[in-house]
Amino acid sequence: MGESNKLKIPKIKKGTVIDHIDAGYALSIMDIIGLGETQNLMTIGVNIESKKYGKKDIIKVENVFLTETQIQQISIITPNVSISLIEDFNVIEKLRLKLPKMIKKLIKCPNSTCISNSEKEPIGSEFNVLNEKPLKIQCIYCDRILNLDELVFIEKKREKRIKQRIQL
């Protein structure tokens, strides 16, 4: 592809760039972390050619910096993402995400009898990561095994479910 044919996504002055998202997951990430509700300028690239990954997605959002919870949610949906914090068009910090070995209090166990779902017990959910790609996690309380498309993220206002899937 010649230089003149290359896709160019404009820089942002201040905000967050989420890059190297697994192809097809940008909209899920936006929904899960609540970016779909922002009024700020956003640039979203889906299925962009990438030398390293073949195809990838990218999200750039002006005047928004992610919380630790949002960053953790992204690492579960699509590990190996890079998040750049931008000030005056320059990267001031770059984070390379990795999937944690244990996921705590971010995902709801779908087993209604799991102790983590009990109103009487103040126990948050905890999952061991069994496999990164394709994602497979296991509840430490009831041993239920979940895949990526079965995850329901816990949010203070409501639960959110993954909507896209990677085609391997």
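The values are calculated or read from the model by the stated rules, or taken from the named source; none is laboratory data. Note that the coordinates shown come from a computational prediction; the quantities given were computed from them, not determined experimentally. Note that each Cβ is placed from the backbone with ideal geometry, even for glycine, and that neighbours are counted across all protein chains shown. The area values use the complete protein model at the heavy-atom level, side chains included, leaving out ligands, DNA and RNA. Shrake-Rupley method; radii C 1.70, N 1.55, O 1.52, S 1.80 Å.
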Has segment 98-120 got at least one residue that is within 22 Å of ILE18 (Cβ to Cβ), open to solvent by 70 Å² or more (accessible area, probe 1.4 Å) and more than 20 Å from the chain's Cα centre (by Cα)?
no
Within segment 53-78, take every residue that is out of contact with any Lys or Arg (no Cβ under 9 Å at 6 or more places or on another chain), in contact (Cβ under 8 Å) with a residue 40 or more places away in the chain and assigned to a strand (DSSP E or B) and give me the one that is surrounded by the most Cβ atoms within 10 Å (Cβ to Cβ).
ILE59
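Does LEU146 fit the bill of being part of a strand (DSSP E or B), in contact with an Asp or Glu (Cβ under 6 Å, 6 or more places away or on another chain) and surrounded by 12 or more Cβ atoms within 10 Å (Cβ to Cβ)? First the steps, then the outcome.
Values: part of a strand (DSSP E or B): yes; in contact with an Asp or Glu (Cβ under 6 Å, 6 or more places away or on another chain): no; surrounded by 12 or more Cβ atoms within 10 Å (Cβ to Cβ): yes.
It is false that LEU146 is part of a strand (DSSP E or B), in contact with an Asp or Glu (Cβ under 6 Å, 6 or more places away or on another chain) and surrounded by 12 or more Cβ atoms within 10 Å (Cβ to Cβ).
Between LEU35, LEU85, LEU41, which is open to solvent by 10 Å² or more (accessible area, probe 1.4 Å) and modelled with pLDDT under 95?
Numbers: LEU35 fails: open to solvent by 10 Å² or more (accessible area, probe 1.4 Å); LEU85 fails: modelled with pLDDT under 95.
The conditions single out LEU41.
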Restricting to segment 10-29, what's the tally of residues that are within 16 Å of VAL64 (Cα to Cα), assigned to a strand (DSSP E or B) and not hydrophobic (A, V, I, L, M, F, W, C)?
3
